[in-house]
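For reference, the structure is listed below as structure tokens.
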Amino acid sequence: MTLRIGERAPDFLASSTHGELSLHAWGSGFWIMFFSHPGDFTPVCTTELGRTAQLASEFARRDVKPLGLSTDTVADHRRWIDDVNRTQKTRVEFPLIADPDLRIARLYEMIHPQEDDRQAVRSLFIIDPQLRIRLTLSYPLAVGRNFREILRAIDALQFTDKHAVVTPAEWIAGDPVMIPSGVSSEAANEQFPQGWQEITPYLRVTVVK
Ligand code: BEZ
């Protein structure tokens, strides 16, 4: 099975640093950032966990609950989180799934055998409040993710859902947006009474506050 954008996020019950956790019961009604780590006590993962914790208020402001996964035990996770808190000068408050038998990592296709057949790659799923997968990312073991970019992409998802627009390359919140190709000029006039600019018939720009 391949997990694709638009599909329902598979549910699971797993041990975590916050006790037994069902993805659907825990996350329903919120946005979820579900992201995997190859292993505890590793350098890149330590900075990724720390960065997510440092950005806790940014995730909360967007109604996003971070959920980590690493293929080690809850006991290891707890000792590792102590290190993360100390070395990254933060407090990890979000749960970390323990997946030593790779059950969840396999369910979410986080094991890419050509990269490593035991360790999860750096997979990331943005799941919406209706539990649909809205964005996926896969990074290799050696490359840490950019969590500012992930927040930016969440902003774009939430904004385009709310306003039925599309966002151009490099968009950040507050920038002009684009009118989707399927919207006629008449419909655009109704939907965007503030006005819009036509560069070509398929490149139409507007500003939505
Ligand atoms: C790391 O997080 O630093 C890492 C983990 C597994 C393989 C390579 C790097």
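The values are calculated or read from the model by the stated rules, or taken from the named source; none is laboratory data. Bear in mind that the values here come from a model prediction, so they are computed numbers and not experimental data. Cβ placement follows ideal geometry from the backbone for every residue including glycine, while neighbour counts extend to all protein chains displayed. When the accessible area is computed, the model is the full protein with side chains, heavy atoms only, and any ligands, DNA or RNA have been set aside. Shrake-Rupley method; radii C 1.70, N 1.55, O 1.52, S 1.80 Å.
Structure notes:
- Cα gyration tensor shape for the range 1-118, rounded if a/c is under 1.5, else prolate or oblate: oblate
- Within the range 4-81, percent of DSSP bridges classed antiparallel, to nearest 5: 20 percent
- Reach of residue 209 by Cα under 20 Å, taken over lysines that are not fewer than 8 positions away in the same chain: 162
- For the chain, the mean residue ellipticity at 222 nm estimated from helices alone is -9500 deg cm²/dmol, where every DSSP H run of n ≥ 4 contributes -39500 (n - 2.57) and the total is divided by all residues, rounded to the nearest 500.
- Fraction of beta bridges assigned by DSSP in the chain that are antiparallel (%, nearest 5): 65 percent
- Surface accessible to a 1.4 Å probe, per residue, for the residues of the range 164-206, Å²: 63 Å²
- Summarising the amide proton neighbourhood of residue 123: residues at separation of 5 or more, or on other chains, whose placed amide H is nearer than 5 Å comprise 36, 139.
- Surface per residue (accessible, 1.4 Å probe) for the range 59-143, Å²: 48 Å²
- Per-selection metrics, the range 133-209 (Cα): Rg and Dmax in Å: 15.0, 50
- The convex hull around the C-alpha trace of the chain, projected and averaged over every direction, spans 12.8 square nanometres.
- Applied to the range 21-34, the Karplus parametrisation 6.51 cos²θ - 1.76 cosθ + 1.60 on θ = phi - 60° returns per-residue 3J(HN,Hα) values of 9, 9, 4, 5, 5, 6, x, 4, x, 10, 7, 10, 10, 9 Hz, with x for Gly and Pro.
- Axis of helix 147-163 versus longest Cα principal axis of the chain: the two differ by about 40°, to the nearest ten degrees.
- Just the protein heavy atoms count here, and of the accessible area of the chain at 1.4 Å, carbon and sulfur take up 52 percent.
- Probe 1.4 Å, protein heavy atoms only - accessible area per residue of the range 8-47 in square angstrom: 38 Å²
- Between helix 74-88 and the chain: long-axis angle, C-alpha atoms, 0 to 90°, nearest 10: 60 degrees
- For the chain, the Cβ-based charge dipole about the Cα centre amounts to some 360 debye (Lys, Arg positive; Asp, Glu negative; other atoms uncharged).
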